[in-house]
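The values are calculated or read from the model by the stated rules, or taken from the named source; none is laboratory data. Source: prediction; values computed, not measured. A quick note on method: Cβ atoms are made from the backbone with ideal geometry, for glycine too, and the neighbour counts reach across all protein chains shown.
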Amino acid sequence: MAAVGEWHCEKRPFDKSESFANNNENVPDTGCLSIIVLGASGDLAKKKTFPALFNLYRQGFLQLNDVHIFGYARTKISDDDLRDRIKGYLPNGNDVTEDVKNFLLLIKYVSGSYDAPEGFQALDQAISEHEFSKNSIEGSSRRLFYLALPPSVYPPVCRMIKSHCMNKSDLGGWTRIVVEKPFGRDLESAEELSSQIGELFEEPQIYRIDHYLGKELVQNLLVLRFANRLFLPLWNRDNIANVQIVFREDFGTDGRGGYFDQYGIIRDIIQNHLLQVLCLVAMEKPVSLKPEHIRDEKVKVLQSVLPIKDEEVVLGQYEGYKDDPTVPDNSNTPTFATAILHIHNERWEGVPFILKAGKALNSRKAEIRVQFKEVKQPGLEMSTAQSELDLSYRQRYQGVVIPEAYERLILDTIKGDQQHFVRRDELKAAWEIFTPLLHRIDKGEFKSLPYKPGSRGPAEADQLLEKVGYVQT
Ligand code: NDP
């Protein structure tokens, strides 16, 4: 593969420090930091959020003297109960090393409801006590609220934070909130949620996590594209035949069928994660690496996507999915989907972008396949061939510690870098693409075809790929 070199921008050279630039120049990066995990009793908190915080702590990104972590939820448990719940999910947590012990001591738990002031007032008091104990000038502290909660409670929780838990002074510091997908079920519900949160917080305070954007390979896509003289001139319709963005799992819904059934594979994977990757693959070179410039270009890609045609979609549901007692017997929810997207602009006119995701397939993989138009084979004859350029990440960087997406994204939130978070207009444009199709699936007008678990998905999906010019390699 070609070496990744400097990003040569026409307007200005690549400055690596920019990617970590604070999008609010006046916000200090130091001072007392309180990280508040709301929904601390839940699955995401124990499996992802707290372990990510531990890894940041272990790597020295969270300073013992400055940081405190608060868990908040309705469940009535003690600080130690919460620590015990988390321990088993930390790397070597059951060994209780010095690192684990010190980290767990940073965590305090406050119990309260999500829609009444008392709990949030108690939370505010606990945060303030920590801030004063650290001799932080009131107001120069930083408060990061991580909503590891079902989206139905985002609006009341945001109202409570706004009323009771904001950073108290305008001397400096900040209050930021991190929210998890799903951001709505369709365009209308997403816009409603955005408006409710938007009335309380400014866009630079809201960090919508798409954890795909925290993945190392995804983070490197822009560098790969724009800092690389091999790819730069080739990245267009003249040279590229098709692009395929794939997510495959070799297991089914594993007892979480009831939860999955409310969403389906398009809402769970394609409308967010795969579409974000599509943006990074297809966007034009941003004016600079500033988060807003990058997000501006992503929005333009989404707005250039043409309406999806019925004949360019294949939906599937694996046999046995409905055996899960929590899944309705008449469920039409797709566990597999292939959809062809077309981007109506000069660079990509006529190039199919194939988005494909599925559960219970024959392999587990996340990959981007860019198929170039045929090139001449070595030798004197004029025959052409497809050849592969493989950038498989784990194989290429064996032995290198690849940071977890959540660690990176939490660190970005602390630094105020919104590049890898979804902006409101981006979210809207993404829902605009898929909402008509989703509504038809919800109404049962677009049927999911059965496929065998452990297969490649419905045969019709491979036929569709062939039709749009994908060459099986
Ligand atoms: P949980 O169902 O475990 O909920 C988290 C906590 O929220 C619970 O412990 C509970 O705390 C509280 N809660 C649950 N249901 C309700 C309700 N109906 N009303 C009020 N409070 C409720 O969710 P997860 O931790 O799995 O996920 C949290 C968020 O993150 C969700 O939006 C999810 O979609 C998203 N997400 C989750 C992932 C995962 O791996 N789990 C991956 C990606 C996104 P208590 O009762 O103590 O108040």
Being crowded, with 19+ Cβ neighbours inside 10 Å, without any contact (Cβ under 8 Å) to a residue 60 or more places away in the chain and in contact with a Leu (Cβ under 7 Å, 6 or more places away or on another chain) is the filter here, so list the residues in segment 89-112 that pass it. 100, 107, 110, 112
Which condition number in (1) closer than 21 Å to residue 250 by Cβ; (2) modelled with pLDDT under 95; (3) touching a helix residue (DSSP H, G or I) at 6+ places or on another chain (Cβ under 8 Å) is the one that residue 456 fails? (2)
What tally of residues in segment 54-66 results from selecting those that are surrounded by fewer than 21 Cβ atoms within 10 Å (Cβ to Cβ) and not in a helix (DSSP H, G or I)? 7
Given (1) modelled with pLDDT under 95; (2) part of a helix (DSSP H, G or I), number of the condition residue 464 does not satisfy: (1)
Only one of (1) crowded, with 21+ Cβ neighbours inside 10 Å; (2) within 12 Å of the ligand (Cβ to nearest atom) is not met by residue 115, so which one is it? (1)
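Quick one: which of 389, 409 is surrounded by fewer than 21 Cβ atoms within 10 Å (Cβ to Cβ) and at pLDDT below 95? Give the steps one after another, and end with the answer.
Numbers: 409 fails: surrounded by fewer than 21 Cβ atoms within 10 Å (Cβ to Cβ).
Only one candidate passes the filter, namely 389.
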State which residue is nearest to residue 461 (Cα to Cα) when the search covers only segment 301-360 and only residues that are more than 25 Å from the chain's Cα centre (by Cα), of a type outside the set (Asp, Glu) and surrounded by 17 or more Cβ atoms within 10 Å (Cβ to Cβ). 318
Within segment 29-53, how many residues turn out to be farther than 14 Å from residue 103 by Cα, within 16 Å of the ligand (Cβ to nearest atom) and either crowded, with 24+ Cβ neighbours inside 10 Å or touching a residue at least 60 places away in the same chain (Cβ under 8 Å) (or both)? 9
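Scan segment 141-167 for residues that are among the basic types (Lys, Arg) and either within 9 Å of the ligand (Cβ to nearest atom) or closer than 24 Å to residue 406 by Cα (or both) and report the count. So that I can check it myself, show each step before the final result.
Let us first name the residues in segment 141-167 that are among the basic types (Lys, Arg), namely 142-143, 159, 162.
The next check asks that each one be either within 9 Å of the ligand (Cβ to nearest atom) or closer than 24 Å to residue 406 by Cα (or both); those that pass are 142-143.
Of the residues in segment 141-167, 2 are among the basic types (Lys, Arg) and either within 9 Å of the ligand (Cβ to nearest atom) or closer than 24 Å to residue 406 by Cα (or both).
Taking into account only those residues within segment 75-130 that are hydrophobic (A, V, I, L, M, F, W, C) and part of a strand (DSSP E or B), which is nearest to the chain's Cα centre (by Cα)?
Selected residue: 107.
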Of the numbered conditions (1) within 21 Å of the chain's Cα centre (by Cα); (2) modelled with pLDDT of 95 or more; (3) in a helix (DSSP H, G or I); (4) farther than 20 Å from residue 355 by Cα, residue 265 satisfies every one except a single condition; which is it? (4)
Residues being touching a helix residue (DSSP H, G or I) at 6+ places or on another chain (Cβ under 9 Å) and in a helix (DSSP H, G or I): count how many of those fall in segment 402-435. 22
Looking at residue 215 and the list (1) away from the ligand (no atom under 16 Å from the Cβ); (2) within 15 Å of residue 281 (Cα to Cα); (3) not hydroxyl-bearing (Ser, Thr, Tyr), which single condition is not satisfied? (1)
Selected residue (criterion: nearest to residue 265 (Cα to Cα)) from residues of segment 154-184 that are surrounded by fewer than 18 Cβ atoms within 10 Å (Cβ to Cβ) and touching a residue at least 60 places away in the same chain (Cβ under 8 Å): 182
